1. Taking the condition of being open to solvent by 30 Å² or more (accessible area, probe 1.4 Å) and of a type outside the set (Val, Ile, Thr), how many residues in the range 173-185 meet it?
2. Would you be able to say whether some residue in the range 193-203 is open to solvent by less than 60 Å² (accessible area, probe 1.4 Å), assigned to a helix (DSSP H, G or I) and in contact (Cβ under 8 Å) with a residue 40 or more places away in the chain?
3. Could you tell me whether the range 129-136 includes any residue that is in contact (Cβ under 8 Å) with a residue 60 or more places away in the chain and either surrounded by 23 or more Cβ atoms within 10 Å (Cβ to Cβ) or among the hydroxyl-bearing types (Ser, Thr, Tyr) (or both)?
4. Step by step: first the residues of the range 324-344, then only those that are buried (at least 17 other Cβ atoms within 10 Å of the Cβ) and of a type in the set (Phe, Trp, Tyr), then the one that is nearest to Val297 (Cα to Cα). Which residue is that?
5. Here are some residues: Arg264, Arg271, Arg317. Which one is in a helix (DSSP H, G or I) and surrounded by fewer than 20 Cβ atoms within 10 Å (Cβ to Cβ)?
6. If I ask for residues that are farther than 22 Å from Arg264 by Cβ and surrounded by 21 or more Cβ atoms within 10 Å (Cβ to Cβ), which ones from the range 70-109 would you list?
7. Kindly provide the set of residues from the range 112-124 that are surrounded by fewer than 22 Cβ atoms within 10 Å (Cβ to Cβ) and in contact with a helix residue (DSSP H, G or I) (Cβ under 6 Å, 6 or more places away or on another chain), ordered by number.
8. Out of the residues in the range 137-154 that are among the aromatic types (Phe, Trp, Tyr) and out of contact with any Asp or Glu (no Cβ under 8 Å at 6 or more places or on another chain), which is most open to solvent (accessible area, probe 1.4 Å)?
Amino acid sequence: MIIFCNKTLSARLLFTPQFSFKHTLQMARSALDEVSDSGSFVRPPSTFRNSISRDPSSQFPAESGRYHLYISYACPWACRCLAFLKMKGLEKAITFTSVKPIWKKTREGDEHGGWVFPATNLEEPGAEPDPLNGTKSIRELYELASTNYSGRFTVPVIWDKKMKTIVNNESSEIILMFNAEFNEIAENPALDLYPADLRNQIDETNGWIYNGINNGVYKCGFATKQQPYNEAVKQLYDALDKCEAILGKQRYICGNRLTEADIRLFVTLIRFDEVYAVHFKCNKKLVREYPNLFNYVKDIYQIPGMSGTVNMQHIKRHYYGSHPFINPFGIIPHGPDIDYSCPHDREKFSA
């Protein structure tokens, strides 16, 4: 994600043609460091890739009370981890904390802006100070785990309280750990969102949904030239049209069983009309203009625990307030204020 949050800096970037874009980016570890010369956004891989295992002899065994999940309610990648945590019934076994929604400077002396913690529990509803290490930002958390870390400071982060380090910051791996490795202590161990008989289909579906939709909206929003934007928009709406057609025949994206592919898709769709349509210029067609997709989003939202992963105030404040090179005045649109708790028609398919 983009991390500029200094308005003076962003104004220079926006309105001074001779100002060096790449030179500016060297001041910070930013997603725009991965914008190619062609103007396309290319997301880099995550860095911490250790695994928590049900094997008690492993380096990171699945123990109740040992791990902490750091998230932002604004971040779709982090919220899919929170969704798995809640759906599996792991809230008593794994604690979690959300940062503030709007990026701020993380250190005096450089221009890096990123995820920061509030100073008190009362400062930002939904966000809390770091309860474990007292860090003021996710950046400090990374630097606590690795003194020579040079990557980006992203959420989600799964933290090991015992070894005082980051276990993993790749959401696609964290959700699989939550799905299978904590079943001995989960309150809902029977729920399997990555069943063996559907894994090939789930993996294939995740691939085109990630490329076209999950990451596709970012490729639209962060494109710095017209042609990469045109290509990303076409890929995005081809994928949305494909979803609409599939969901006209079955309740969920991989059949009539809820899977991790649905959670991955949901976290983007729930943000689409409120943020991506405006902020990322994904306005060719809204999700609520797709009958099947819109009812599908309401269906997923109404799964017990899922609504607790959606904080639309954090979502809107983050996107509209943390990317001043896109929205230099930080104006947050009032609408559309969609009610995802209203009735849907997805029961017409077998559960």
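1. The initial filter retains those residues of the range 173-185 that are open to solvent by 30 Å² or more (accessible area, probe 1.4 Å), namely 173, 176, 181, 183-185.
Imposing the further condition that a residue be of a type outside the set (Val, Ile, Thr) reduces the set to 173, 176, 181, 183-184.
Final tally of qualifying residues: 5.
2. We begin by selecting, within the range 193-203, every residue open to solvent by less than 60 Å² (accessible area, probe 1.4 Å); these are 193-195, 198, 202.
With the extra rule that they be assigned to a helix (DSSP H, G or I), the set shrinks to 198, 202.
From what is left, the residues that are in contact (Cβ under 8 Å) with a residue 40 or more places away in the chain are 198, 202.
Yes, the conditions are met somewhere in the range 193-203.
3. No - not one qualifying residue is present in the range 129-136.
4. Once the filter is applied, the top-ranked residue is Tyr340.
5. Arg317
6. Here is the first cut: in the range 70-109, the residues farther than 22 Å from Arg264 by Cβ are 92-93, 95, 97, 100, 102-109.
Once the filter is applied, which keeps residues that are farther than 22 Å from Arg264 by Cβ and surrounded by 21 or more Cβ atoms within 10 Å (Cβ to Cβ), the range 70-109 yields Lys100, Trp103, Thr106.
7. None - no residue of the range 112-124 is surrounded by fewer than 22 Cβ atoms within 10 Å (Cβ to Cβ) and in contact with a helix residue (DSSP H, G or I) (Cβ under 6 Å, 6 or more places away or on another chain), so the list stays empty.
8. From the range 137-154, those among the aromatic types (Phe, Trp, Tyr) are 142, 149, 153; that's our starting set.
Still in the list and also out of contact with any Asp or Glu (no Cβ under 8 Å at 6 or more places or on another chain): 142, 153.
Numbers: Tyr142: 0, Phe153: 17 Å².
Here the residue is Phe153.
The values are calculated or read from the model by the stated rules, or taken from the named source; none is laboratory data. Only a predicted model underlies this, so the values are computations on that prediction, with no experimental measurement involved. Cβ atoms come from the backbone with ideal geometry, glycine included; neighbour counts cover every protein chain shown. The protein model used for the area step is the full one, side chains on, heavy atoms only, and it has no ligands, DNA or RNA in it. Shrake-Rupley method; radii C 1.70, N 1.55, O 1.52, S 1.80 Å.
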